[in-house]
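Asker: Please find one structure pasted underneath; my questions will follow.
No lab work stands behind these numbers, since they all come straight from the coordinates. What you see is a predicted model; the values in this text were computed from it and never measured. Positions of Cβ are backbone-derived with ideal geometry, glycine not excepted, and every protein chain shown enters the neighbour counts.
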Amino acid sequence: MENEFMPEELHAVTARLVTETVDRLQEVLLYSRATSELEWPRMLLYRTTDAQDTLGVLVGLYAAHALRAGCDPVDLRRYLQTRQQVARTELPRRQEFDYLDGLRGRPIGDAGSSHYITGKVHREHVGDSDRHREWTLACIHALRAFACADPDELDEVPASIRTKARRVYATLVYEGSEPEPAA
């Protein structure tokens, strides 16, 4: 049954854009382990902003569709949370520095800053084993390798996730699915 509010074409492009965003974010995770002092900021910021731009396209498509479907423009601005919007040219702001200082355990002038406190809380959980995160990453890597019909792509995955990713890939193949080589 087709969703009357979501045309099939918009649903299809949503899947494509979400996949593209996940691919860029997956590269962010890979580059976050880069050992080159020159490479990590360039590639992390390129791939993060690529993902942000792709999501921006999706947000724009939804906004256009909502307006054409009769959504009130005032409601649309509220749904888009425009008050939270920040231009990249304004980054980094004080709150990003506060968050980073809390995350890194550095002293701050305003220890009551909510962003500093959030960073501190996240710092306390940095070493936690997060098996859900590892399985999520394993699934992403396995699906990407499956989509490319290239199980050797899993050789580049960090060791902590590689075994899980290979298990997911093997399950996909075992279940009778056939990967389709990329065009």
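Asker: I'd like the GluC sites (Glu not before Pro) in region 1-60 restricted to DSSP loop residues with at most 14 other Cβ atoms within 10 Å, sorted by number. Walk me through the numbers before you get to the answer.
Answerer: On the way: sites: E2, E4, E8, E9, E20, E27, E37, E39; in loops: E2, E4, E37.
In loop regions of region 1-60 (DSSP not H, G, I, E or B), the sparsely surrounded GluC sites (Glu not before Pro) are E2, E4, E37.
Asker: Then there is this: What number, rounded to the nearest 500 deg cm²/dmol, is the helix-based mean residue ellipticity at 222 nm of the chain, given -39500 (n - 2.57) per DSSP H run of at least four residues and division by all its residues? List each step's numbers first, then the result.
Answerer: On the way: 7 runs with 117 residues, N = 183.
Helices in the chain give a 222 nm mean residue ellipticity of -21500 deg cm²/dmol.
Asker: Still on this model: Taking θ = phi - 60°, what integer Hz values does the Karplus form 6.51 cos²θ - 1.76 cosθ + 1.60 yield along region 52-66, in sequence order, with x for Gly and Pro?
Answerer: Ordered by residue, 3J(HN,Hα) equals 4, 5, 5, 5, x, 4, 5, 4, x, 5, 5, 4, 4, 5, 4 Hz.
Asker: Compute the longest continuous run of the chain that contains no exposed trypsin sites (Lys or Arg not before Pro); treat a site as exposed when its DSSP state is not H, G, I, E or B and it has at most 12 other Cβ atoms within 10 Å.
Answerer: On the way: sites that count: R33, R93.
It works out to 94-183.
Asker: At q = 0.08, 0.09, 0.11, 0.20 Å⁻¹, what log₁₀ I(q)/I(0) does the chain have when each alpha carbon counts as one equal point scatterer in the Debye sum?
Answerer: So the normalised log intensities work out to -0.39, -0.49, -0.73, -1.35.
Asker: Could you work out the local net charge near D23, counting Lys and Arg as +1, Asp and Glu as -1, over the other residues with Cβ closer than 15 Å to its Cβ?
Answerer: Working: positive: R16, R24, R47, R144; negative: E20, E27, D50, D53, D150, E153, E156.
Charge balance near D23 sits at -3.
Asker: Still on this model: Provide the gained length on full extension for the span E37 to V86, in nm with one decimal, where the gain is 0.36 nm per separating residue minus the Cα-Cα distance. Don't skip to the answer; put the middle values down first.
Answerer: Values: separation 49, 0.36 × 49 = 17.64 nm, distance 2.74 nm.
Computed gain between E37 and V86 is 14.9 nm.
Asker: A63 to C139: extension gain in nm, 0.36 nm per residue of separation minus the Cα-Cα distance?
Answerer: Working: separation 76, 0.36 × 76 = 27.36 nm, distance 3.06 nm.
Residue separation times 0.36 nm, minus the Cα-Cα distance, leaves 24.3 nm.
Asker: Note down the nm distance, to one decimal, between modelled labels 7 Å out along Cα→Cβ at Y79 and at A149.
Answerer: 4.0
Asker: From the phi of every residue in region 117-126, what ³J(HN,Hα) in whole Hz does the Karplus formula 6.51 cos²θ - 1.76 cosθ + 1.60 yield, where θ is phi - 60° and glycine or proline is x?
Answerer: 5, 4, x, 4, 4, 5, 4, 5, 10, 4
Asker: FRET efficiency for C71 and A159, Cβ-Cβ distance as r, R0 = 45 Å, nearest 0.05? Kindly include the intermediate steps, with their values, before the conclusion.
Answerer: On the way: r = 48 Å, r/R0 = 1.07.
Working from the Cβ atoms, E equals 0.40.
Asker: Shifting gears a bit: Looking at the square roots a ≥ b ≥ c of the eigenvalues of the Cα gyration tensor of region 19-99, which shape do they give, rounded for a/c under 1.5, prolate if a/b is larger than b/c, or oblate?
Answerer: Working: a/c = 3.88, a/b = 1.80, b/c = 2.15.
Verdict is oblate for region 19-99.
Asker: Once phi is turned into ³J(HN,Hα) by the Karplus curve 6.51 cos²θ - 1.76 cosθ + 1.60 with θ = phi - 60°, what whole-Hz value does each residue of region 146-159 show in order, with x for glycine and proline?
Answerer: Values per residue, Gly and Pro as x: 5, 4, 8, 6, 9, x, 5, 4, 6, 5, 8, 6, x, 3 Hz.
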